[in-house]
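Data first, discussion second: the structure below is written as structure tokens.
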Amino acid sequence: MMKPEVVVIGGGPAGMMAAGTAAQRGACVVLIEKNPRSGKKLLITGKGRCNVTNDCSREEFFDNISVNPKFLFSAFSQFSNRDVVDFFEHCGVKLKVERGNRVFPVSDKASDINDALIDYCRKNGVRIVHDTVTAINYDEGHVTSVDTKSGSSFECGNCIVATGGLSYPLTGSTGDGYKFARAAGHDIINPKPSLVPLVIQESDCKDAQGLSLKNIAITVRESKSGKVVYKDFGEMLFTHFGMSGPVILSASSHIRNPKETHIISIDLKPALSLEQLDARIQRDFSANINKDFGNSLSKLLPQKIISVIIKRVDIPYNTKVNSIRREQRLALAALLKNLEYTVVGFRPIEEAIITSGGVSVKQVNPRTMESKLMQGLYFAGEVLDVDAHTGGFNLQIAFSTGRCAGIAAAERLGYY
């Protein structure tokens, strides 16, 4: 059996892309994945639908990278979002673009994306080994071999670490890559949750538990300074502990100091100005003039949020609509445009979609993903200190950095 020229650790999107790319160029590649099947985390992304990338402009793409965007300039130029779309469609997976330029497989099955990556590896001769790597070995500043838990040792001059972060540990993301990086002398930026649900102080989130609000706008600001740190429009979800959903997850990546109290303001009716909303409320009140206030809002708001609004506005539930004063009505409209909640923390990193932090990009060549400290050692995907908002941007990072590392490792061997 030929000894590998490249060993890839981690069979997620970055690892499979790196392995398949290096093998396609001519390198002899072994991919080592600790799970019985590659792509375990990929299979649950996008609620099992897999948001492959985002069909946006280059400028928009980098606007959505929240940590170290400049590091990605070269990798994205080598393998952009358009290239990702072409890659999967060439693999036979038809894609579609949905709201927010999110790209999904037409089948709505993450397994189609995962299977395409596995097939890409196998068709190009990648040997997939299901084992756990225990150590990467070095001699005089370069990679020499990779050891596994089963006792195997793979001699190689190139190793690509694509082990993910700490989020969703049941999928295999248990921080192994940080250990390998530290052993090679790399600094690790403290891993913390990103794209994670938020814990909210106000108890009325629990009253609305399970309610998904669509087409709302949020503004996040620091409570002391009033500085706005994030704005977004889209969908959110109330939970027993606070909030989740796309706009909340993206907001979490902008709350860089969770010890600083932040306020989330929800505009339940962003399409209407305050004056237009008041006019709408007056129409609803006119149609329900003899009803109790609590029974007059069903056409304006989802049922689960009505109780929250009634608790916060100074109008008792059983107040007759025809007795509501103008100032009370205006206060109601103002509340619907500015429903405030206090962020008191993040949910655990195990519940985060991705990990922020990781291998310091200052010690990694952005053109090749190769370590600046150890020859033949590469990093790709979430193990790096790079992360982005929701919407397919993090998978794009995985694909771009994986492709970049695979090309560089093959070229180092003389394969072009």
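The values are calculated or read from the model by the stated rules, or taken from the named source; none is laboratory data. In this text, all values refer to a predicted model and were calculated from it rather than measured experimentally. Please note: Cβ atoms are built from the backbone with ideal geometry, for glycine as well, and neighbour counts cover all protein chains shown.
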**Request:** Give the residues of the range 42-52 that are out of contact with any Asp or Glu (no Cβ under 9 Å at 6 or more places or on another chain) and at negative phi, sorted by residue number.
**Result:** LEU42, LEU43, ILE44, THR45, VAL52
**Request:** Please name all residue pairs, on different chains or six or more residues apart, with Cβ atoms under 7 Å, provided the first residue is in the range 315-326 and is in contact (Cβ under 8 Å) with a residue 24 or more places away in the chain and the second residue is of a type in the set (Val, Ile, Thr).
**Result:** TYR317/ILE310; VAL321/ILE289; ASN322/ILE289; ILE324/ILE315
**Prompt:** Residues in the range 369-392 that are outside any strand (DSSP E or B) and under 16 Å from MET16 (Cα atoms): how many?
**Reply:** 5
**Request:** State whether the residues of the range 40-54 include one that is aliphatic (A, V, I, L, M) and over 14 Å from PRO13 (Cβ atoms).
**Result:** no
**Request:** Please work out which residue is farthest from ILE349 (Cα to Cα), limiting yourself to the range 250-280 and to residues that are polar (S, T, N, Q) and within 16 Å of the chain's Cα centre (by Cα).
**Result:** SER250
**Request:** Select, from GLU382, GLU340, GLU370, the only residue that is of a type outside the set (Lys, Arg) and in the same structural domain as GLY226 (by TED's automatic domain parsing).
**Result:** GLU340
**Asked** Which one is modelled with the highest pLDDT, of the residues in the range 391-416 that are among the hydroxyl-bearing types (Ser, Thr, Tyr) and touching a Lys or Arg at 6+ places or on another chain (Cβ under 9 Å)?
**Response** TYR415
**Prompt:** Looking only at the range 48-67, which residues are assigned to a loop (DSSP other than H, G, I, E, B) and of a type outside the set (Lys, Arg)?
**Reply:** CYS50, ASN51, VAL52, ASP55, CYS56, SER57, ASN64
**Request:** Test each condition in (1) in contact with a strand residue (DSSP E or B) (Cβ under 7 Å, 6 or more places away or on another chain); (2) more than 15 Å from CYS404 (Cα to Cα) for ALA27 and report the one that comes out false.
**Result:** (2)
**Prompt:** Looking at VAL247, is it under 19 Å from the mean Cα position of the chain (by Cα), over 29 Å from GLU327 (Cα atoms) and surrounded by fewer than 19 Cβ atoms within 10 Å (Cβ to Cβ)?
**Reply:** no
**Fill in**
Wholly inside the range 226-282, strands (runs of 3 or more DSSP E) that include 1 or more residues that are more than 13 Å from VAL343 (Cβ to Cβ) and either in contact (Cβ under 8 Å) with a residue 60 or more places away in the chain or polar (S, T, N, Q) (or both) are 228-238, 262-267
**Complete:** Note on GLU235: of the conditions (1) touching a strand residue (DSSP E or B) at 6+ places or on another chain (Cβ under 8 Å); (2) modelled with pLDDT of 95 or more; (3) on the phi < 0 side of the Ramachandran plot, unmet is (2)
**Message:** Which pairs turn up if I take residues in the range 125-150 that are in contact (Cβ under 8 Å) with a residue 24 or more places away in the chain and farther than 13 Å from ASP176 by Cα and look for partners that are part of a strand (DSSP E or B) and aromatic (Phe, Trp, Tyr) with beta carbon separation below 9 Å, at least 6 apart in sequence or on another chain?
**Reply:** VAL129/PHE154; VAL146/PHE154
